[in-house]
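Worksheet: the structure to be examined is printed underneath.
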Amino acid sequence: MRHFVLSASALALASLSTTALAGDMTAKPTHVVELFTSQGCSSCPPANRFVSKLSSDPNTLVLTYGVTYWDYLGWKDTFGNPEFTQRQRDYRDAFGASNIYTPQIVLGGSTHSPRYSKSDVIDVGLPEDEVDMTLTREGDMLMVKANTSKDVIVDLVAYTPGEQSVDVKRGENGGRTLRLSNVVVNVQTLDWDGQSASIEMPQSENMKYAVLIHDRINAKILDAAVIE
């Protein structure tokens, strides 16, 4: 997995910017909220609930990543993936932070905190000078194009839309039922040639995909799109 490198409210759905994509619909969120959480972390449920409420806003893309470093406390996160832990480390390096932690909420790839208010989220939108990302599909092949002179990282994020419940049997949250929204199942970094990239993306009724374009230096999200 690549690294970010240092020096190396709610609006109506009808107002959301959309473009046709070979029978699908591509939504362009104005805000991206990424939550790094763990089912074995007793301080995480409030953050889980907070981002779940945000996910009802059609202009806000919420993505929930299960990390793995609290598994030793007695409960293995059922959604955890070491690659998501590494993604959190990549953010740490880009932000110049000293450590990783849960819950960690990252807004627009540019700022992070264990807790935010809804007004905080509204204040951190994606750049207005987008890189004009467009998506097209031919069969199972997805083509991403953008106008950017920046050194960027383009990620395809697969996630299960909606809320999922987990009955935790052991560990710090033993006996609790946790609810998590838009749980990420995979992140792929595309081979970007400076203007475009393509990847095989089979259609699935139970999966959604988001494309995030990050500034490679500071990790800020320059543009985002969701394939409905």
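We did not get these values from a lab; they are worked out from the coordinates using the rules stated. Because the structure is predicted, anything quoted here is derived from the model rather than measured. Cβ placement follows ideal geometry from the backbone for every residue including glycine, while neighbour counts extend to all protein chains displayed.
Things to note:
- The convex hull defined by the C-alpha atoms of the range 19-227 has an orientation-averaged projected area of 11.1 nm².
- With the charge dipole of the chain set up from +1 on Lys and Arg Cβ and -1 on Asp and Glu Cβ about the Cα centre, the Cα lying farthest toward the positive end among the listed residues PHE84, CYS41, ALA197 is that of CYS41.
- Mean-position separation - Cα centroids, the range 91-157 and the range 48-67, in angstrom: 14 Å
- Size of electric dipole in the chain: Cβ of Lys, Arg +1 and of Asp, Glu -1, about Cα centre, debye, nearest 20: 880 debye
- Net length gained if the chain between ASP193 and SER113 were fully extended (0.36 nm per residue, minus Cα distance): 25.5 nm
- For the pair GLU128 and GLU83 in one chain, pulling the backbone fully straight at 0.36 nm per residue adds 13.2 nm over the alpha carbon distance.
- For the range 80-90, 3J(HN,Hα) computed residue by residue from phi via the Karplus equation (6.51, -1.76, 1.60; θ = phi - 60°) reads x, 8, x, 5, 6, 4, 5, 4, 5, 5, 4 Hz, glycine and proline entered as x.
- Above-threshold pairs, the threshold being 22 Å between Cα atoms, out of LYS145/LYS208; LYS53/LYS145; LYS169/LYS208; LYS28/LYS53: LYS53/LYS145; LYS169/LYS208
- Whole-number percent relative contact order across the range 19-227, with pairs defined as alpha carbons under 8 Å at least 6 apart: 26 percent
- The chain, helix-only ellipticity at 222 nm - DSSP H runs n ≥ 4, -39,500 (n - 2.57), divided by all residues, nearest 500: -4000 deg cm²/dmol
- Net charge, VAL121 excluded, C-beta distance under 15 Å - Lys, Arg +1, Asp, Glu -1: 0
- Length gained when the stretch ALA158-SER204 is fully extended (0.36 nm per residue, less Cα-Cα span): 15.5 nm
- Environment charge at SER181 (Cβ cut-off 10 Å; Lys +1, Arg +1, Asp -1, Glu -1): +2
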